[in-house]
């Protein structure tokens, strides 16, 4: 009986010791796991914190790979922008240059066309004067006041006869209108001395006009100014008479006193 109790007591002790050992092992395992977890958490926290601090608090002069890449991309974009702007500017300059060249070409073409037309008009005027002179020669045989050279061209013709007629009309109401007489004679193809000389015979160079600006006793006509009057009278001489004065023209122009009229007018023409 005593022996059985001892054995039973010994078994309880053994079981108790075994349970204690198991509990110890389990406790050590849990503690190790806790330490590992705590160490792992602390390591991650420390690492991430340093990385975050490194990213946020990096010195201004320090360059990261990401910064280098961003700067490289920005530089490439800047270069592309400059290249595009230069290309646009070149194209714009080319367009402007082309426009300027086109305008210059048009102006040059217009200038050449104007010069050609002026030369053609000059040749027509010379031909007209030659025809009128030839007709006069065919009718009357000679030029009583001498010939007038149209072949020198418009500019030289007008310059010469402007000066000569201005000298002749100096001090009269018609003074200063020599160019109008010369230009009108060139266009009409007649002697530029004829109309100024008639103005002296009929009105003493415009001093005594029976109608406004009518220095030639020309019907009942009047004009608003001397230039208009001069051009109308010269054109009328070319249309109704001919190249220059003649005795038969005097008979038509001033029937009552044609002899004196012819002599006086021819004498004035020879002074110009």
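The values are calculated or read from the model by the stated rules, or taken from the named source; none is laboratory data. What you are looking at is a predicted structure, and each value in this text was computed from that prediction instead of being measured. In this analysis, Cβ positions are derived from the backbone assuming ideal geometry, glycine residues included, and neighbour counts consider all displayed protein chains.
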Selection from segment 219-248 of residues in contact with a helix residue (DSSP H, G or I) (Cβ under 6 Å, 6 or more places away or on another chain) and either more than 22 Å from residue 132 (Cα to Cα) or assigned to a loop (DSSP other than H, G, I, E, B) (or both) yields 223, 227, 241, 242, 243, 244, 245, 246
Considering every residue within segment 227-236, establish whether at least one is modelled with pLDDT of 95 or more, surrounded by fewer than 18 Cβ atoms within 10 Å (Cβ to Cβ), closer than 22 Å to residue 163 by Cβ and within 50 Å of the chain's Cα centre (by Cα). yes
Conditions (1) assigned to a helix (DSSP H, G or I); (2) over 37 Å from the mean Cα position of the chain (by Cα); (3) free of Cβ contacts under 8 Å to residues at least 60 places away in the same chain -> residue 165 fails only (3)
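Which members of segment 147-161 meet the condition of being in a helix (DSSP H, G or I) and within 15 Å of residue 191 (Cβ to Cβ)? Quick ask: steps written out before the conclusion?
The first filter runs over segment 147-161 and keeps only residues in a helix (DSSP H, G or I), leaving 154-161.
157, 158, 160, 161, listed by residue number.
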